[in-house]
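Some notes on the structure that comes next.
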Amino acid sequence: RQFLSRSCIVHWHSIKLHHDSTRLFAARWMLTRHLVLLRKRVTSIRMTSHSQVNLLDLAASAVAATVAAAHPIRELAEHQHARLKGDGSIVTDADFSAQGAIMHTMQQVSSNVRIVGEESEEEMSRHVHYATTSDERVYTLARNEVLMRYHNIEGRPPLSSGTSGEDESFTSVVLPKGEQGQDKYIVDVDRVSVLVDPLDGTKSYARADYEFVTILIAIILDNKPCFGVICKPFGIEGSPSILDTGCFAIYGGTLLNGVYIAGGDECQKPATAEGSLPRAVISQSRSKGIVKDFVDELASSKVIHPEPLHVAGAGEKSLRLVLGTANEALWFFPKAGTSRWDVAASDALLRQFGGKLTDKYGNELDYSTSREDSENSDGIIACNDAALHAECIKVFQGRSWEDR
């Protein structure tokens, strides 16, 4: 709106208006035409058509949506109103408000893309009271950063901390010659889905243990995750923040041919330190029975370290696998307890690194299922290395496992 207003003012002053009715009519006609063209130009950035969607714009909106969702998560932290849902899981007001913010932001790009969120439409209609607004500045800078990554343009990431939304160097991206065409990333909308976990780690959030709280968004193209975002709304001390928001996020996948820290550097594929073994990340509350037996079996063969790391939350486990700062490489949970929206972002990021995420039998997950059928009933095995994943599947299928 500010861009349109400034352009109109300049155009008015560029025409010397006189009282002559013909000149006035011509000036008004030119201004109206100019305004229409400007509106078409701005709209084309956010919308393609009802039947198609620009994947890069959708990816940028996913990054911006995590920032929008972080606002209610942080602001409602002291007044969570935690309670149990019908399935026995914990939910707070922030879960609903965060999902509302995500959907509002992403639907600015396409209102026809299928979005599957953890919270149902019925629950959303009853509980969302937080104002769902999106920050145009964050979206614009996220879009420019995504374009820079996609086209391999060097420079300071537009989402880096300290960036001003008024800095003209970040308000547009000059694409390399011959790269202006958008056919490669504009696709039919019915090929695309978005999976959303607006607040992963709700149990930790309710305990004010914010280290394990994340926001997860994945873009699915032809039933395969091509882009994922994992955002920590309370940030990571000493790590880059998205602008001045305090949020830390990684994003990427095959769509961008890379994985990146928002406002920071490209992430390199994790490598186990020399002389060390890769480590499993598991929930402490689920560290007994079959999970413990399987980890012990792998450790006895020197495949992984004998002491797993206890990490809460699907999003935090996924983040550990991608960053691998403590040799984290395996997440194993061979039974029901997670859903598609818990793992889709991780799946997108691990694919880019040559890792793999499947069910316990080695089958890829079906992301076309309805929200009601989204539980990972056959569990998940996720690794940041395909060879390690293959070894895990081999060991799991090599004997029978009794759950205890």
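In this structure, does Ser204 turn out to be among the polar types (S, T, N, Q), at pLDDT 95 or above and open to solvent by less than 40 Å² (accessible area, probe 1.4 Å)?
Judged against the criteria, Ser204 is not a match.
Report every pair of residues separated by at least 6 positions or lying on different chains whose Cβ atoms are under 7 Å apart, first residue within segment 357-378 and under 20 Å from Gly228 (Cα atoms), second assigned to a loop (DSSP other than H, G, I, E, B) and of a type in the set (Val, Ile, Thr).
Asn376/Thr338
Just the residues that are open to solvent by less than 10 Å² (accessible area, probe 1.4 Å), among the hydroxyl-bearing types (Ser, Thr, Tyr) and closer than 21 Å to Ala62 by Cα, please, taken from segment 335-377.
Ser346, Tyr367, Ser374
Whether any residue in segment 58-66 is of a type outside the set (S, T, N, Q), in a helix (DSSP H, G or I) and at pLDDT below 50 is what I want to check.
First pass over segment 58-66, keeping only residues of a type outside the set (S, T, N, Q): 58-60, 62-65.
Cutting the leftovers down to in a helix (DSSP H, G or I) gives us 58-60, 62-65.
From the residues that got through so far, the ones that are at pLDDT below 50 too are none.
Within segment 58-66, not a single residue is of a type outside the set (S, T, N, Q), in a helix (DSSP H, G or I) and at pLDDT below 50.
Any chance you could count how many residues in segment 302-316 are surrounded by fewer than 15 Cβ atoms within 10 Å (Cβ to Cβ) and in a loop (DSSP other than H, G, I, E, B)? Lay out the reasoning, then the answer.
Step one: filter segment 302-316 for residues surrounded by fewer than 15 Cβ atoms within 10 Å (Cβ to Cβ), giving 302, 306-307, 310.
With the extra rule that they be in a loop (DSSP other than H, G, I, E, B), the set shrinks to 302, 306-307.
Here the count works out to 3.
Across segment 201-224, what is the total count of residues that are of a type in the set (D, E, K, R) and within 21 Å of Ile250 (Cα to Cα)?
Residues flagged as of a type in the set (D, E, K, R) and within 21 Å of Ile250 (Cα to Cα) within segment 201-224 amount to 3.
The values are calculated or read from the model by the stated rules, or taken from the named source; none is laboratory data. Bear in mind the structure is a predicted one, so any value in this text is a computation, not a measurement. Glycine also receives a Cβ, built like all others from the backbone with ideal geometry; neighbour counts cover every protein chain displayed. Just the protein is used for accessible areas: all its heavy atoms, side chains included, with ligands, DNA and RNA removed. Shrake-Rupley method; radii C 1.70, N 1.55, O 1.52, S 1.80 Å.
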